[in-house]
Every structure is written in C-alpha cells, then in structure tokens.
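The values are calculated or read from the model by the stated rules, or taken from the named source; none is laboratory data. None of the values given here were measured: they were computed from a predicted structure. Here the Cβ positions follow ideal geometry from the backbone for every residue, glycine too, while neighbour counts run over all protein chains shown. Note: areas computed on protein heavy atoms with side chains; ligands, DNA, RNA excluded. Shrake-Rupley method; radii C 1.70, N 1.55, O 1.52, S 1.80 Å.
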Amino acid sequence: MKQPFFSLRYRIAGLTFLLIAMTVCSLLYLANQQMQSLFAEYLRMPMGPMMGGMGMHSMHMGQNELHFLHSVHQSLIWVGLLFMVLGFLASLMVAGSITRPLQALSRAAQNIRQGKLGQHVEVSSHDEIGQLTDAFNQMAAQLAQNEKMRREFLANTAHELRTPLAILNGNLENMISGAAEPKMERLLSMQEEVMRLTRLVGSLRDLSLAELHQLPLNLEMTDINQLVVRAVDLFQPLAEEKGLQFRCELADPLPQTAADRDRMNQVLQNLISNAVRYSARGGVIALSTRQKGKEILIEVRDTGEGIAPEDLLHVFEYFYRGDRSRSRQSGGTGIGLSLVKYYSEAHGGRVEVQNGKPCGAVFSVYLPVRRGTA
C-alpha cells in the first residue's frame, strides 16, 4: 500500500532527520569557530629562535595557512555530510520501527470493518505499541467469539422455536381440515406448547436486557434461606421420583439483602433443576448458604458426573450443551444457566462453577449484602 507524502512515517523521519541535521550543523559551526579562534591565536604567538628573533608571526595568512584552513573546512563538510546521511538512514529506521506495527494494525482494522473477523497482528515489542497490539488482538478475538455466539444464538433460537411452532401448526391444520377433532387433550397440549414458547421468548428478552444492563429489578428485603427452602419444596416430588435426596445447610442467622425475589427464585430453580437432571438415581443434592465477608454465598452441589474441563468455561453461554447428543427434553433449552449468570450480575453479584470432590458439580452464587432497596 502506497503511503501518502504526509504519512506518519515520513513525518517522524523528517522530524528526526531535521533534528540530526540541526545538531550536525551546530557542531560544525562551533568546531569551525573554535578552529578559527585557535588558528588566529597561533598566528599571534611569539616566533622561536630559528626565526632570528623577529619577535612575532605575521598577522597575515600566507598560502600555506589558507590551504590549511581550506582543508579543515572540506573535512568538516564531508564529516557533516556523512553524519547527515547516517542520520537520514537512522531516522527512516526509527520511523519504520514505529509505523510498521501501526500499519499492520490499520490493515487488520480495515479487514474487521469488512467483516473479516479473527484478525491477529504479531506482537514484536513490549513497549506502548506492543501493548496496543496485544489489546487489539484480544479485542479481535472477542469480536470473533461474539460473532460466533451470535450466529449460534440465532440458529439455536430458530431450532427452539421451530418444534413448538410445528406442533401448533400441525394440530391447527388437522382441526381446520376436519382430520382431527378439537379434543380437550389436544387443546391442553397446544396450550403447553404456547406456554413453552412464552417462557422461551420471555427468557430471551431478559437475556437481551441483562446484556444491555437494562434488566428491571424489583428490589425488596429478602430472606435468602426462605427462598432456598421454597425452591427445595417445589422440586421435592421430582427428586423423590428420581430417588434423590436434598440436604440443606443454611446459615442462621443470615442477613437479609435487597433482591428481586422473582429473579432469585428463578436462579435457584434453574440450579436445582440442573442438579436434579444430571444427578444419578440415589444421589444427594446439597444446598448451603453462609455469609462470606460482605456477600451471601449460595452453593448447590450435585453428585452427578461433573462437567468436562473443556466445558467449564462455556456452561453459562446461550444454548450451550456439553453433550451435544442431549435432546431439548433431556437437556433443557440451554439458557437456564445463562439466566443464572445474568440475574446474579444484575444484582451486583456473580456465579462460579467447578467440579466437586469426589464427583458432581458445584455452582456458587455470590450476592452483595444490601441494606436498602435503592
């Protein structure tokens, strides 16, 4: 790519060369003045005895003196020209070392603007430009990851919506054509699919608002232990059906905190539902609460197979399933844990996950202790 005449490289090179040229000219001028002064002083010196005691040098320069001065001037000129050429080359090298990484960054940015994500620029130094390049590479990688997630999100959303819509469309077509009667069982099945769609659309809306930090919260003083007990009671029949047991270790007393009860209920229900789904028959689901500094810690442990190490960093992503063979019925919609993450962060908290010992997974929700609803 041809560089414009007033590009940064030429400006840096020109300024560097100008500084070197001014320095060389100043040194040459000072050296010439000093030489002239010393030579004049030499002419005023007393003559030695070989000159017959004539007393003083003549103040007039002869042919030899003029030739000497001319030779000195020529030497200074050639030395100055040599240093100016070297300075010009050095300025081009300095300017190139600064502008080459910037040109690479510019080309990569242009490629990203054209939709070619995943650009990577080689980091060749550890100075400010190297730090800028490293930050650019991280940004480009994040943009590529976000674009990948966006495409997967759209594809998975379409997949999740397609099944209930196909069921509704098929039933409606059969009833309209007279091939099937509008029986109560069929209508209830259609209502269930409509409710599934409604929940999915509502969850997607909450996710989009949470990403934009615009999720509305109805904060009120809340007893977290009470929410945990209610969530356990809600899943008790399903746990008994699978032969699972709940074990609760709730801190008493536990300070109340300002929270949105509906959102926190959904956080607990999603975590418990996930634990019930992936725990083997006869397992134990342990829930605990305690205060840790200025935060309330809620832990949900299961005795399932745990989470593969390569999946730990992705469990909170939309529609992510570590086992791709799981169906929507057995593996959920894939946005429950995303809601857990965003609901927790909307409260000013966070959620973490790790594999338990000797087995299972441990989800930890941290909520800040808030004394008011403001």
May I ask you to derive the FRET efficiency for Met139 and Glu240 from their Cβ-Cβ distance with R0 = 45 Å, giving the value to the nearest 0.05? 0.35
Could you give me the percent of Cα pairs per 10 Å distance bin for region 162-229, shortest bin first, beginning at zero and ending with the bin that holds the maximum distance? 17, 28, 24, 18, 12, 1
For region 133-274, the Kirkwood Rh over every pair of distinct alpha carbons, in Å, works out to 19.5
So the FRET efficiency between Ser106 and Glu173, C-beta based with R0 = 45 Å and rounded to 0.05, is 0.20
Extension length gain for Arg205 and Leu81 (0.36 nm per residue less Cα distance), in nm, is 37.5 nm
If Lys and Arg each add +1 and Asp and Glu each add -1, what is the summed charge of the other residues whose beta carbon sits under 13 Å from the beta carbon of Asn171? -3
Run the accessible area of region 153-307 with a 1.4 Å probe and give the carbon-and-sulfur part as a rounded percent. 51
Over 29 Å (Cα to Cα) among Lys242/Lys294; Lys242/Lys292; Lys148/Lys292; Lys294/Lys341; Lys294/Lys357 -> Lys242/Lys294; Lys242/Lys292; Lys148/Lys292
Using protein chains only and a probe of 1.4 angstrom, how many square angstrom of Phe88 are accessible, to the nearest 10? 90
Ordered by residue, what ³J(HN,Hα) values in Hz, to whole numbers, does region 230-239 give under the Karplus form 6.51 cos²θ - 1.76 cosθ + 1.60, where θ = phi - 60° and Gly and Pro are x? 5, 5, 5, 4, 5, 9, 4, x, 5, 5
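If you average the sequence gap of Cα pairs under 8 Å that are 6 or more apart and divide by the length of region 86-156, what percent do you get for the contact order?
Here the relative contact order equals 26 percent.
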In sequence order, calculated HN-Hα J values of region 273-282 (Karplus, 6.51, -1.76, 1.60; Hz; x Gly/Pro): 4, 5, 5, 5, 4, 9, 8, 6, 4, x
Run through all the Cα pairs of region 115-174 and give the fraction in each 5 Å bin from 0, expressed as whole percent. 4, 17, 14, 12, 10, 9, 7, 7, 6, 5, 4, 3, 2, 1, 0
